[in-house]
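Taking it in order: structure first as structure tokens, then the write-up.
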Amino acid sequence: MSCEALTSSDVEAILRSCGAFLDGHFVLSSGMHSAHYIEKFRVLERPDITAALCAEFVRRFCNEGIDVVLGAAVGGIILAYETARQLGCKAMFTEREGGLMKLRRGFAIHVGMNVLVVEDIVTTGSSLKEVISVAKSHGANIVGAAVIVDRGKEPLQLDVRFEALLRLPLDAYEPNECPLCKLGIPLQVPGSRHLSGQQ
Ligand SMILES: [Zn+2]
């Protein structure tokens, strides 16, 4: 495990190298248009890259006596597992049941356990906050939350320590106000065949 810190620009370069950080003209799931898109699965399909990014989570939290790394299904399963593997602790994940975020599958977080919550990308942080409250409801001591990219307009505010490896405030436009549309740049729908074969 490397002990050298990753800077924001290192993280951006890593995301670009695996095709996770795309420049262009994209329709987001919200219907808004943006000049950037981050496809987290280009990271998560690469164990080498995932391990390098999780090593930075580990570098920032390795002195916290972490018992459990917790993520939300699906992306958070991979990040929690790899971070926990490097820390030598347990990895668990939450998932939705009837719309509610829960700890299932016999995962047991006990009172006073030190829990690190990990997530790939946050925008509003609502999912991350849900995971934190699930862990708190089991009596966990949340040592912090770590994400690869914070896309919020303002840095996410939590009542626990928060670390984002890269701040990339979302630049999104209503379709009828989109400068990229006005320039006639072809619109791409992430995840569609239109993008496959890129990078
Ligand atoms: Zn547009």
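Throughout, read-outs are computed from the coordinates displayed, never taken from laboratory work. Note that the structure is a prediction, hence the values are computed from the model and not measured. Cβ: placed from backbone, ideal geometry, glycine included. Neighbour counts: every protein chain shown.
Can you confirm whether residue 151 is surrounded by fewer than 16 Cβ atoms within 10 Å (Cβ to Cβ) and away from the ligand (no atom under 16 Å from the Cβ)? Walk me through how you get there before you give the answer.
On the way: surrounded by fewer than 16 Cβ atoms within 10 Å (Cβ to Cβ): no; away from the ligand (no atom under 16 Å from the Cβ): yes.
When the stated conditions are applied, residue 151 does not pass them.
Does residue 80 satisfy the condition of being over 27 Å from residue 24 (Cβ atoms), of a type outside the set (S, T, N, Q) and without any contact (Cβ under 8 Å) to a residue 40 or more places away in the chain?
Numbers: over 27 Å from residue 24 (Cβ atoms): yes; of a type outside the set (S, T, N, Q): yes; without any contact (Cβ under 8 Å) to a residue 40 or more places away in the chain: yes.
Judged against the criteria, residue 80 is a match.
Rundown of residues vs (1) more than 16 Å from the ligand (Cβ to nearest atom); (2) free of Cβ contacts under 8 Å to residues at least 60 places away in the same chain, yes/no style:
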residue: 17; (1), (2): yes, yes
residue: 27; (1), (2): no, no
residue: 30; (1), (2): no, no
residue: 36; (1), (2): no, no
residue: 39; (1), (2): yes, no
residue: 47; (1), (2): yes, yes
residue: 55; (1), (2): yes, yes
Problem - Extreme residue, nearest to the chain's Cα centre (by Cα), among residues of segment 83-109 that are closer than 19 Å to residue 146 by Cα and outside any strand (DSSP E or B) - result: 83
Problem - Yes/no for residue 170 being closer than 22 Å to residue 39 by Cα and either surrounded by 12 or more Cβ atoms within 10 Å (Cβ to Cβ) or within 16 Å of the ligand (Cβ to nearest atom) (or both) - result: yes
